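Structure first, then comments.
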Amino acid sequence: MAPKKKKPAKKSAVKPQKATAVKSKPILIAKAAKKKVRVDPAFQPLLERLQHRRNEITGQVNHLEQDLREEIADNQNIPGDMADHGSGELSQHLSVTLMENDRIELDRIEKAISRIESGIYGQCEVCEKSIPMARLKAIPWATRCINCQSRLEGA
């Protein structure tokens with residue numbers, strides 16, 4: 001009866017077929033990504049501004065990461081007193097904080113670009129009313145109108 005128990009285990013080896021089906025999903029997503037997105041002409045300048053800012057931030061983050069790597073390597077190899085090492089750690093902490101802030105802004109920008117491409121940009125996520133263009137020009141990644149944002153902040 002032990003060999004009979006082994007047979008069901010062999011049948012479970014059929015699972016790789018499911019993995020093959022899962023592999024086809026990213027291909028479908030990639031095909032959908034190639035589809036040209038129609039952007040509301042009113043939002044085109046904002047989209048370009050967001051894309052430009054995204055490129056700037058990506059460059060800044062890459063530069064900060066490189067500087068941080070070099071600084072860490074330098075601090076490990078150079079003997080110094082505690083003040084020197086403390087100054088180096090403070091500089092590293094500042095670089096990490098700047099990178100975190102840039103990544104938060106980059107995430108907001110990516111979401112705004114996604115909303116533009118999906119056609120829901122400029123609509124408050126709370127009350128679903130239109131966000132005024134002046135607000136979008138000031139904060140292009142805004143997801144709430146001024147009233148809903150004020151309520152959220154408790155003002």
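The values are calculated or read from the model by the stated rules, or taken from the named source; none is laboratory data. Owing to the predicted nature of the structure, the values given are computational and were not obtained by experimental measurement. Here the Cβ is made from the backbone with ideal geometry for all residues, glycine too, and neighbour counts use every protein chain on show.
Counting just the residues of the stretch 135-155 that are charged (D, E, K, R) and surrounded by 12 or more Cβ atoms within 10 Å (Cβ to Cβ), which one comes out nearest to Val39 (Cα to Cα)?
Lys137
Just to verify a result, which residue in the stretch 39-81, among those that are at pLDDT below 80 and outside any helix (DSSP H, G or I), is nearest to Met99 (Cα to Cα)?
If we take residues in the stretch 39-81 being at pLDDT below 80 and outside any helix (DSSP H, G or I), then Ile78 is nearest to Met99 (Cα to Cα).
Go through the stretch 116-134 and report how many residues are part of a helix (DSSP H, G or I) and surrounded by fewer than 17 Cβ atoms within 10 Å (Cβ to Cβ).
Residues flagged as part of a helix (DSSP H, G or I) and surrounded by fewer than 17 Cβ atoms within 10 Å (Cβ to Cβ) within the stretch 116-134 amount to 4.
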